[in-house]
Amino acid sequence: METENSTSTGQIANLKEKVVQAIKQVYDPEIPVDVYELGLIYEITVYPVNNVFVLMTLTSPNCPSAEYIPTEVRDKIQQVQGINNVEVEVTFDPPYSQDMMSEAAKLELGFL
């Protein structure tokens, strides 16, 4: 028998997967790889009240898309059914490096 707590834990995990899928729809306009696979997402937290917090970075502090990418990430997550509030915070600590890319991103960009 599932307890209320394990049900909500399962619902949060399911919602987090939907959030990841939403983030994977956001691409850096200069790189043909989504921001999740690029390793720009440092943290995704889904709270029991279906609020989402995302801690992310950009490829560079001078990234020409610095305003656009975090806004698009927030907007895509906000479209997920059941999500209440979305907060996206940008940090440059630790600084981004190509080591943060997934194997798929490295393959796509010819680094492997």
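None of the figures in this text is laboratory data; all of them are computed from the coordinates on show. It should be emphasised that the depicted structure is a prediction, and the values quoted were computed from it without experimental measurement. Every residue, glycine among them, receives a Cβ derived from its backbone with ideal geometry; neighbour counts consider all protein chains shown.
Could you tell me how many degrees, from 0 to 90 and to the nearest 10, lie between the Cα long axis of helix 68-78 and the main elongation axis, the longest principal axis, of the Cα atoms of the chain?
Here the helix axis deviates by roughly 20 degrees.
Distance between the C-alpha centers of the stretch 9-68 and the stretch 81-112? Whole Å please.
Cα centres, the stretch 9-68 to the stretch 81-112: 7 Å.
Within the set of other residues whose C-beta is less than 12 Å from the C-beta of Gln79, count the net charge using Lys and Arg as +1 and Asp and Glu as -1.
Value of the local net charge: +1.
As a test of the formula, what do you get for the chain when each DSSP H run with n ≥ 4 contributes -39,500 (n - 2.57) and the sum is divided by the residue count, at 222 nm and rounded to the nearest 500 deg cm²/dmol? Write down the numbers at each step before the final one.
Details: 3 runs with 37 residues, N = 112.
That comes out to -10500 deg cm²/dmol.
Across 5 Å bins from the origin, how do the percents of Cα pairs in the stretch 4-108 run, short distances first?
2, 13, 24, 23, 18, 11, 6, 2, 1, 0
In debye, nearest 20, what is the charge dipole magnitude of the stretch 4-108 about its Cα centre with +1 on Lys and Arg Cβ and -1 on Asp and Glu Cβ, if you could check?
Here the size comes out at about 300 debye.
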